[in-house]
Structure formats: structure tokens, C-alpha cells
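Student: One structure is given below, represented as C-alpha cells, and several questions about it will come after.
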Amino acid sequence: MARVEFPEGFRWGTATASYQIEGAWREDGKGESIWDRFAHTPGKVKGEQTGDVACDSYHRYTEDIALMREMNLNSYRFSIAWPRIQPDGRGAVNAKGVDYYRRLTEALLEAGIRPFPTLYHWDLPQALEDAGGWPERDTAARFADYAEIMTRALGDLVDHWMIFNEPSIFTVMGYLVGIHAPGRKSLDDLLRASHTVNLAQGQAFQAMKAVRSDFTVGTALNMSPCEPAGDSAEDAEAAERWHRMVNVWYLDPALRGRYPEAFIDGLPAERMGIQDGDLERIRAPLDFLGINLYTRTIVKHQEGDPFGLHAVPVGPMGGDDGPRTEFGWEVWPNALYDMIMRVTADYDRPIIEVTENGCSYGDGPGADGVIRDTRRIDFYRGFLEAVSRAIDDGADVRGYHAWTLLDNFEWSEGFEQRFGLVWLDRETQGRTLKESGRWYGQAAAENGFEV
Ligand code: IFM
């Protein structure tokens, strides 16, 4: 038996997102979001499910906080629904929306849990989509206004913020692939959206720091180490281009004021709508980097791919060597070690928070009511051991957030994929800690575990 230990002060948390857990989709003055519209459109989400009620956390957040306390957690990553704050994405502030997040934040602080909000986890106000959505440049200015409103509203309670959640997922899935809201399928829309999001990141960062210069501001990026499918130089170059497009497309603009060289034929600057001065505007010297990671990516050279990168990922998520979760994602803990070490080397040892990592397994209550989700325990043991190894090898990782607190609305999959440490009974909204939740809580209490 060996012991895996974390540095003193290491944060143990869970992560959630507004549309996936809150419900109350049109209460207290909330406006319609693109996910409300998308989920209400027949054929978009499995089983025609929606986040109208979700986990009802809008009304049951105190129960959720009690569960976090039971697990000895000291950080909670949640997201703020922009349409609760500005129902149309611009103009007057909806006081009841702000009030909800103040109550949530105060209750977290009372419980000794750091509130760790993300400003945008995919629920754009529908009115802004109607005005052009993320491909429309003006959305960046609207977002910076909202960032200022929110940081003013919670700035006396919250120190640590994230701007975006997984920009490369919501732009690619929402504007190119079309399986996420708003469901468009256009490379030009994606290219323009990606630039607006980078502008928004830069402008929001400036607006937040103007509210309080000592805010700690980061962003949460989906990352996955890219491994070449074969031994050829072509595959190696394709894997590197995929890395630039998926992992650092929203990081290099922020930290280096430029786009990475991902496209074979050079940056499509005109199609992206890049204007003079934009490379300064997209800069955001982030105080920390949030890493959301689920598995690795195997990439091969291929012409005729949808991006024009001459690179495509092979097969389903991950490689073929590890077991798979119920979503079909390969369980490959070393992916987290590799990714942390790569950004540590490439970006001069940034402060890192693991902002999401988790797995979907459907294990439910046995006859005795106990939920023995041992595969999830194995998953967390493996990935946390990888984080600890990265810290030993020089990375500056300050916290880890399991995705997710409780089973919730998994976007176009509906409620089928269960990622929670807590089981959700959708009929009663009852919450039951799984065995993985107990294990995670014990590791948090001891700041480590035996392997
Ligand atoms: O549920 C999502 C979350 O919203 C963003 N990151 C990945 C999770 C699992 O798919």
C-alpha cells in the first residue's frame, strides 16, 4: 500500500452548470436561453428531455450544499445563467436573478465552501442568438457588460472566477456539428464564433479586473492530450495541429495575443472576422488555467476533414487500451498527467485548477439502497493519483473538481448518462450519496488516500 498525498490547502470540489441542474427555467424573471429553445425543439435531445426542472437545484441548493458538507468539500464550481441576470442579454438587471446567486454564494460561504463561479456554461440568452449569436461580434461587448454586472453583484463574496466553460466544445458543437444549441452547421459560423469568444474573453477579463484588480480570474478549457495514431511524421503533425485547435485555441490568444498555427493553409483571418487591433483585444493574462479533462485523443492525418486541418480523431473518445465508461469514453488516467505536464512546460508553469474530471456509470441503488459504483471509485483513484504525480513532478495544481455533484441533464443525451457522486431520483428529486461520494469525501477529509 502506498499513500497519495496532496499539498496543504489543496481544494477538493465538485462542478455543475446552471442549465444542467437548476430547473426553474422561467421563474423569477429568467429569460429564455438557447438551451431552453433547443431542448424544446423536437428531435434535439434524447427522449425529448429538457432542463425545465433538471435537479431543481434552484429550489434545493441548500440540500446540495449539505451533501457537499457531508463530503468534506471546500470548493464548489457552479455557473451563472446569463438569462437570469439579463433576460435578453442586454440592458436592465433582473434583481431576482442576482438575488438567487447571492443566496447560493452566502450559503456556500457559511458552509466553509469556496464559491467558484463560471460566467458562461453554454446558456446564451436566446435574444442574443436571434441577433446573431456568438458569430456576431457585438456579442463580445454584451458579454463584457454581463461580466461587469456579475462581478459587481457578487464581488464582495467571490474572489475566484472563471470566464468560460469549454469554448471549443460550445462553438464546435453548437455552430459546426449542430448537436448542441443553437444547432447550426456552418464552418463560417464556427470560425466567426471562435473569434468573438476570444474577444469576449479578453474584454470580460479587462471588465472584471476593473471591478476589482485582485480578483483571481481564469477560464475552464476542455483539454485532451493528442497522440498520433501511427509512427508517421504526418500523423505526428496532425496530432499537433489538433492539439492547437482543440486545446489551446482559446489559450494562446489570451496569454500570447495570437492564434496557434492549426490550419494547413494559414489562419483564415478574414473568414474569422479579425479586425485591426483584435490581437491586443483578445489578450487576457489569466491568473489560472482551468482544465476539464475526460480522456485522451488519438489523431491521424486525413485530408477532407470538416475544419481543414488535415487531422481527425480516430474512433470514439480515447484510445483502445483502457476500459470504457457507459458513454464509451476510454478511462486513461495518464491523460490528465500528460496534459498538466504539457501546459506546465509550454506556459511557464501556470497555476492550474482541474475544473472537471469524471465518468458516466448508471449504477443505481441495490436492494439495501446502497449504490456500489466501484468503477467510479477506481476512476477517481486513478485520475487523482495522476494529479498528485504531476504535482510531484513540478506542476502547480491547486484544486480538483469532480464532474459532477449529482446526476443531471447531460445535454443532447438527456438524463441517460449519470456522472454524479450523488444519485438523483428524477421522480422524487431525492438525492442519495453513492459509494463513490463516500470515497471522495474521505479522500477530501484526509487530503489523500491509499492505493
Ligand atoms: O456535462 C458536461 C459539462 O457540461 C461540460 N464538460 C463535460 C461534461 C460531461 O460531458
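The values are calculated or read from the model by the stated rules, or taken from the named source; none is laboratory data. Quick caveat, the model's predicted, so the values are computed rather than measured. Here the Cβ positions follow ideal geometry from the backbone for every residue, glycine too, while neighbour counts run over all protein chains shown. Calculation scope for accessible area: heavy atoms of the full protein, side chains included, ligands and nucleic acids excluded. Shrake-Rupley method; radii C 1.70, N 1.55, O 1.52, S 1.80 Å.
Student: Between residues in the range 138-159 that are open to solvent by 20 Å² or more (accessible area, probe 1.4 Å) and residues that are among the polar types (S, T, N, Q), which pairs lie under 6 Å by C-beta distance while being six or more apart or on different chains?
Tutor: Leu157/Thr105; Asp159/Thr216
Student: On to the next question. Which residues, taken from the range 347-369, are β-branched (Val, Ile, Thr) and either open to solvent by 10 Å² or more (accessible area, probe 1.4 Å) or without any contact (Cβ under 8 Å) to a residue 12 or more places away in the chain (or both)?
Tutor: Narrowing the range 347-369 to residues β-branched (Val, Ile, Thr): 351-352, 354-355.
Residue satisfying the conditions is Ile351 alone.
Student: Using the structure shown, decide if Thr432 is away from the ligand (no atom under 16 Å from the Cβ), of a type in the set (Ser, Thr, Tyr) and buried (at least 16 other Cβ atoms within 10 Å of the Cβ).
Tutor: yes
Student: Quickly run through the range 89-101 and pick out the residues that are among the charged types (D, E, K, R) and more than 17 Å from Ser18 (Cβ to Cβ).
Tutor: Arg90
Student: Being away from the ligand (no atom under 16 Å from the Cβ), assigned to a helix (DSSP H, G or I) and in contact with a Leu (Cβ under 8 Å, 6 or more places away or on another chain) is the filter; apply it to the range 144-172 and report the residue that is farthest from Met245 (Cα to Cα). Don't jump to the end; show me each part of the working.
Tutor: Step one: of the range 144-172, the residues away from the ligand (no atom under 16 Å from the Cβ) are 144-161.
Remaining after also requiring assigned to a helix (DSSP H, G or I): 144-154.
Among the residues that remain, those that are also in contact with a Leu (Cβ under 8 Å, 6 or more places away or on another chain) are: 146-147, 150.
Details: Tyr146: 27, Ala147: 26, Met150: 30 Å.
Among those residues, the one meeting the criterion is Met150.
Student: Would you be able to tell me the number of residues in the range 177-210 that are polar (S, T, N, Q), open to solvent by 40 Å² or more (accessible area, probe 1.4 Å) and under 19 Å from Trp249 (Cβ atoms)?
Tutor: 1
Student: Something else about it: Which of (1) touching a Leu at 6+ places or on another chain (Cβ under 6 Å); (2) modelled with pLDDT under 95 does Thr16 not meet, given it meets every other one?
Tutor: (2)
Student: Right, here's the next one. Checking the condition within 16 Å of the ligand (Cβ to nearest atom) and modelled with pLDDT of 95 or more, which residue from Val422, Val387 passes?
Tutor: Val422
Student: I would also like to ask the following. Have a look at Ile282, Ile298 and point out the one that is more than 29 Å from Arg381 (Cα to Cα) and either surrounded by 17 or more Cβ atoms within 10 Å (Cβ to Cβ) or among the hydrophobic types (A, V, I, L, M, F, W, C) (or both).
Tutor: Every option except Ile282 fails the conditions.
Student: To continue, here is another question. Could you list, in sequence order, all residues of the range 107-129 that are part of a loop (DSSP other than H, G, I, E, B) and more than 16 Å from the ligand (Cβ to nearest atom)?
Tutor: Ala111, Gly112, Ile113
Student: Then there is this: I'd like the residue in the range 226-240 that is open to solvent by 30 Å² or more (accessible area, probe 1.4 Å) and charged (D, E, K, R) and, out of all such residues, is farthest from Val172 (Cα to Cα).
Tutor: Asp231
Student: What's the total number of residues in the range 214-225 that are open to solvent by 30 Å² or more (accessible area, probe 1.4 Å) and closer than 26 Å to Val314 by Cβ? First the steps, then the outcome.
Tutor: Taking the range 214-225 as the starting set, the residues that turn out to be open to solvent by 30 Å² or more (accessible area, probe 1.4 Å) are 214, 216.
Adding the requirement that they be closer than 26 Å to Val314 by Cβ leaves none.
Of the residues in the range 214-225, 0 are open to solvent by 30 Å² or more (accessible area, probe 1.4 Å) and closer than 26 Å to Val314 by Cβ.
Student: What pairs come up if the first residue lies in the range 416-436 and is free of Cβ contacts under 8 Å to residues at least 24 places away in the same chain, the second is within 14 Å of the ligand (Cβ to nearest atom) and of a type outside the set (Val, Ile, Thr), and their beta carbons are under 7 Å apart, counting only those six or more places apart or on different chains?
Tutor: Gly420/Leu405; Gly420/Leu406; Gly420/Asp407; Gly420/Asn408; Arg426/Phe415
Student: In the range 308-329, how many are within 16 Å of the ligand (Cβ to nearest atom) and assigned to a loop (DSSP other than H, G, I, E, B)?
Tutor: 8
So that you can scan it fast, the table gives a plain yes or no per residue for (1) more than 16 Å from the ligand (Cβ to nearest atom); (2) open to solvent by less than 30 Å² (accessible area, probe 1.4 Å); (3) on the phi > 0 side of the Ramachandran plot:
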site: Phe6; (1), (2), (3): yes, yes, no
site: Ala15; (1), (2), (3): no, yes, no
site: Arg26; (1), (2), (3): yes, no, no
site: Gly31; (1), (2), (3): yes, yes, no
site: Trp35; (1), (2), (3): no, yes, no
site: Gly43; (1), (2), (3): yes, no, yes
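Student: Which of the residues belonging to the range 247-279 are among the β-branched types (Val, Ile, Thr) and either within 16 Å of the ligand (Cβ to nearest atom) or crowded, with 17+ Cβ neighbours inside 10 Å (or both)?
Tutor: Result: Val248, Ile274.
Student: Continuing with this model, one more query. Which one is surrounded by the most Cβ atoms within 10 Å (Cβ to Cβ) among residues in the range 330-339 that are outside any strand (DSSP E or B) and touching a strand residue (DSSP E or B) at 6+ places or on another chain (Cβ under 8 Å)?
Tutor: For the range 330-339, the residue satisfying everything is Leu336.
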